[in-house]
Amino acid sequence: MNDPAIQVPLIRVRNLAFRYHAGRPLLEGVLFELRAGERLGVSGANGSGKSSLLQLLMGLERPAAGTVELFGHLCRDEVDFRPLRGRIGLLFQDADDQLFCPTVEEDVAFGPLNQGYSHAQVRGIVARTLADLGLAHLAQRPTHQLSGGEKRAVALAGVLAMQPDVLLLDEPTTCLDEDAQARVTRLLLGLPQAMVIVSHDPHFLRCVASRTLLLRDGALCAMPVVRPVLRSV
Amino acid sequence: MTTSVVHPLAHGDSVIHRIDPRVRLLCVLAASVCIAATSRPGPLLAACALAAVLVLVARIPWRPLWRRLRVLNAFMAIVLLTVPFSMQGETIWQAGALGASREGLAQALRIILTGNTLVLLLTSLVATIEPTVLAHALLHLRVPDKLVRILMFAVRYIDVLNDSRLRMDRAMKARGYVARCNAHTVRTSAYLVACLLAQSLDRAARIERAMRCRGWRGQFPVLNHFHAGARDVRFACLFAGALAAAMVMP
Ligand SMILES: Nc1ncnc2c1ncn2[C@@H]1O[C@H](COP(=O)(O)OP(=O)(O)O)[C@@H](O)[C@H]1O
Ligand SMILES: [Mg+2]
């Protein structure tokens with residue numbers, strides 16, 4: 001792992017500004033870098049713009065100012081982002097948005113087929129990805145009949161099937177019960193990819209993130225030191 | 001998880017369920033054309049009998065079949081009550097100023113027979129196809145891509161949409177809403193529909209983004225393909241033979 005590519009940050013964001021409505025800025029001067037092997041936790045209040053930040057990183061929204069660099073390439077518009085989308089995978093906040101194919105197998109196959117692999121190769125990738133995540137038994141199930149936890153896991157399989165170098169995870173554990181949360185945590189710890197993990201569960205972020213930033217007033221800042229909370233027994 | 005809107009007759013393991021969906025669709029298409037083209041009672045009765053046999057072979061449970069037939073025949077009752085009185089011909093029954101004609105009665109019975117035959121055929125051959133497989137089969141039969149995608153997305157998202165409708169419905173009830181015949185009810189229903197529409201549009205936009213994130217460029221790849229075998233050919237020949245025999249009935 002000594003090649004020079006590692007010296008270049010996977011994601012470099014400088015002075016990013018964004019707004020949905022003129023006069024109501026959402027992000028102002030967001031600044032961060034993500035390097036190989038890093039798991040960056042991003043915490044923040046509801047509506048602070050965490051999901052919007054991930055959409056900006058994928059090129060799904062256009063920044064008002066500032067730059068996004070992915071793998072050392074400056075990305076300005078769709079043409080720049082498109083070839084890199086396979087290398088950077090976004091897990092959406094709502095898994096129902098992501099699972100649009102009729103069956104689990106086809107949904108996981110969607111990305112690799114778009115990447116131009118042959119059918120035989122795609123079958124191999126799908127089988128391997130599902131087996132790695134312990135989801136092989138779901139392959140033929142219709143996506144709309146899965147439980148919440150299964151949906152999240154299958155959506156992640158769909159992202160991983162494209163073999164990305166970076167994962168952007170939007171609240172991967174919300175709406176999951178404790179068992180499913182623990183499974184997702186274990187799963188994430190076992191993955192080699194660098195990640196940006198959005199969550200407002202401090203316990204979960206402590207478990208999986210190597211460092212955590214707080215999105216507040218439109219900018220990323222260091223997490224304030226938390227005073228020990230009084231424990232009632 | 002709430003119950004699905006899409007009703008599963010497709011989870012059977014009869015002989016019919018194992019026939020290639022494309023073959024079944026073509027059989028239904030051929031039979032519909034023949035049934036629509038004939039007007040003599042003999043062939044219609046024979047076709048109806050053929051459809052009934054298929055329903056038995058497909059081992060369709062009685063309850064969903066009965067529900068379908070009930071809906072259809074409630075509609076057909078209107079046909080029986082109006083058509084005989086609206087056609088010219090030999091009067092067989094007089095009710096005040098209105099007279100029912102023999103030709104009208106025959107026409108009404110033909111319509112009823114045709115309708116029931118088609119429902120039996122669709123139930124035995126098409127309802128037994130998983131909706132998603134049906135979509136694939138239609139794609140393979142060169143039905144326009146866009147139409148099939150609409151079907152696929154409808155199948156996928158109708159439950160999601162129904163869930164949000166049920167949630168909103170429950171939230172409204174929890175705040176004391178009762179549907180009445182007044183302006184408040186009309187306005188609230190309109191809000192509900194508008195809200196569902198807005199949610200669907202938002203979701204459609206998010207789905208489109210999710211698809212772009214996974215490299216979508218406007219073309220849908222198909223992973224699974226169908227393979228018609230000897231059994232499918234045998235079924236097609238048998239069906240064609242039976243249909244031809246029915247059509248030459250006196
Ligand atoms: N498509 C949109 N159009 C207009 N406003 C939006 C849109 N998406 C999100 N917002 C608004 O932007 C703010 C940040 O949203 P979001 O990035 O989803 O926050 P978070 O994920 O941190 O909860 C919210 O106030 C939200 O209402
Ligand atoms: Mg969010």
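The values are calculated or read from the model by the stated rules, or taken from the named source; none is laboratory data. Everything numeric in this text was worked out from a predicted model, so none of it was measured. Note: ideal-geometry Cβ built from the backbone for every residue, glycine included; neighbour counts use all protein chains shown.
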Discussion item. Being of a type in the set (A, V, I, L, M) and under 25 Å from A:ALA95 (Cα atoms) is the requirement here; does A:LEU74 meet it?
Written reply: no
Item to complete: Within the stretch A:59-108, work out how many residues are of a type in the set (A, V, I, L, M, F, W, C) and closer than 19 Å to A:VAL8 by Cβ.
Response: 8
Practice prompt. Give the residue, chosen from A:LEU214, A:LEU168, that is under 17 Å from the mean Cα position of the chain (by Cα), aliphatic (A, V, I, L, M), under 18 Å from A:GLY49 (Cα atoms) and within 14 Å of chain B (Cβ to nearest Cβ).
Written response: A:LEU168
Practice prompt. Return the total of residues in the stretch A:119-134 being at pLDDT 90 or above and either over 19 Å from the mean Cα position of the chain (by Cα) or within 16 Å of ligand 2 (Cβ to nearest atom) (or both).
Written response: 10
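Condition check ((1) modelled with pLDDT of 90 or more; (2) within 14 Å of B:LEU243 (Cα to Cα)) across all residues:
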site: B:VAL5; (1), (2): no, no
site: B:PRO8; (1), (2): no, no
site: B:HIS17; (1), (2): no, no
site: B:ARG22; (1), (2): yes, no
site: B:LEU29; (1), (2): yes, yes
site: B:THR38; (1), (2): no, yes
site: B:PRO41; (1), (2): no, no
Response to the item:
Exactly one of A:LEU57, A:LEU70, A:LEU27, A:LEU16 is among the hydrophobic types (A, V, I, L, M, F, W, C), buried (at least 21 other Cβ atoms within 10 Å of the Cβ), within 14 Å of chain B (Cβ to nearest Cβ) and within 15 Å of ligand 1 (Cβ to nearest atom), and that one is A:LEU57
Worksheet item: So B:ALA137 fits all but one of (1) in contact with a Phe, Trp or Tyr (Cβ under 8 Å, 6 or more places away or on another chain); (2) away from chain A (no Cβ under 14 Å); what number is the exception?
Response: (2)
Practice prompt. Of all residues in the stretch B:186-231, count the ones that are in contact with a Lys or Arg (Cβ under 8 Å, 6 or more places away or on another chain) and more than 9 Å from every other protein chain (Cβ to nearest Cβ).
Written response: 5
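Residue by residue, here is whether (1) free of Cβ contacts under 8 Å to residues at least 24 places away in the same chain; (2) in contact with a helix residue (DSSP H, G or I) (Cβ under 6 Å, 6 or more places away or on another chain); (3) loosely packed, with under 13 Cβ neighbours inside 10 Å; (4) over 24 Å from B:THR132 (Cα atoms) holds:
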{"residue": "B:VAL155", "(1), (2), (3), (4)": "no, yes, no, no"}
{"residue": "B:ASP163", "(1), (2), (3), (4)": "no, no, no, no"}
{"residue": "B:ARG167", "(1), (2), (3), (4)": "yes, no, yes, yes"}
{"residue": "B:ALA171", "(1), (2), (3), (4)": "yes, no, yes, yes"}
{"residue": "B:HIS184", "(1), (2), (3), (4)": "yes, no, yes, yes"}
{"residue": "B:SER189", "(1), (2), (3), (4)": "yes, no, yes, yes"}
Worksheet, complete the sentence: Scanning the stretch A:73-92 residue by residue, those within 16 Å of ligand 1 (Cβ to nearest atom) and more than 9 Å from every other protein chain (Cβ to nearest Cβ) turn out to be A:LEU91
Worksheet item: What tally of residues in the stretch A:189-205 results from selecting those that are without any contact (Cβ under 8 Å) to a residue 40 or more places away in the chain and in a helix (DSSP H, G or I)?
Response: 3
Discussion item. When you check A:VAL126 against the structure, is it within 14 Å of another protein chain (Cβ to nearest Cβ) and either surrounded by fewer than 20 Cβ atoms within 10 Å (Cβ to Cβ) or away from ligand 1 (no atom under 16 Å from the Cβ) (or both), yes or no?
Written reply: yes
Item to complete: Only residues that are part of a loop (DSSP other than H, G, I, E, B), surrounded by 11 or more Cβ atoms within 10 Å (Cβ to Cβ) and of a type in the set (Gly, Ala, Ser): list them for the stretch B:200-228, please.
Response: B:GLY215, B:ALA228
Item to complete: Kindly provide the set of residues from the stretch A:93-123 that are within 7 Å of another protein chain (Cβ to nearest Cβ) and small (Gly, Ala, Ser), ordered by number.
Response: A:ALA109, A:GLY111
Practice prompt. Return only the number of the condition from (1) without any contact (Cβ under 8 Å) to a residue 60 or more places away in the chain; (2) more than 24 Å from B:ASP232 (Cα to Cα); (3) surrounded by 12 or more Cβ atoms within 10 Å (Cβ to Cβ); (4) not basic (Lys, Arg) that B:GLY96 does not satisfy.
Written response: (3)
Worksheet item: Quick one: how many residues across the stretch A:207-226 are without any contact (Cβ under 8 Å) to a residue 40 or more places away in the chain and away from ligand 1 (no atom under 16 Å from the Cβ)?
Response: 5
Worksheet item: What about B:ARG40, is it charged (D, E, K, R) and free of Cβ contacts under 8 Å to residues at least 24 places away in the same chain?
Response: no
Worksheet, complete the sentence: Taking the stretch A:135-181 and keeping residues among the basic types (Lys, Arg), away from ligand 2 (no atom under 16 Å from the Cβ) and buried (at least 20 other Cβ atoms within 10 Å of the Cβ) leaves A:LYS151
Worksheet item: Within the stretch A:21-38, is even one residue within 16 Å of ligand 2 (Cβ to nearest atom), touching a Phe, Trp or Tyr at 6+ places or on another chain (Cβ under 7 Å) and not hydroxyl-bearing (Ser, Thr, Tyr)?
Response: yes
Worksheet entry | the stretch B:185-242, subset of a type in the set (Phe, Trp, Tyr) and modelled with pLDDT of 85 or more, residue farthest from ligand 2 (Cβ to nearest atom) | B:PHE239
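Yes/no matrix, rows are residues, columns are (1) of a type in the set (A, V, I, L, M); (2) within 30 Å of A:LEU113 (Cβ to Cβ); (3) out of contact with any helix residue (DSSP H, G or I) (no Cβ under 9 Å at 6 or more places or on another chain):
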residue	(1), (2), (3)
A:SER147	no, yes, no
A:VAL159	yes, yes, no
A:ARG211	no, no, yes
A:LEU214	yes, no, yes
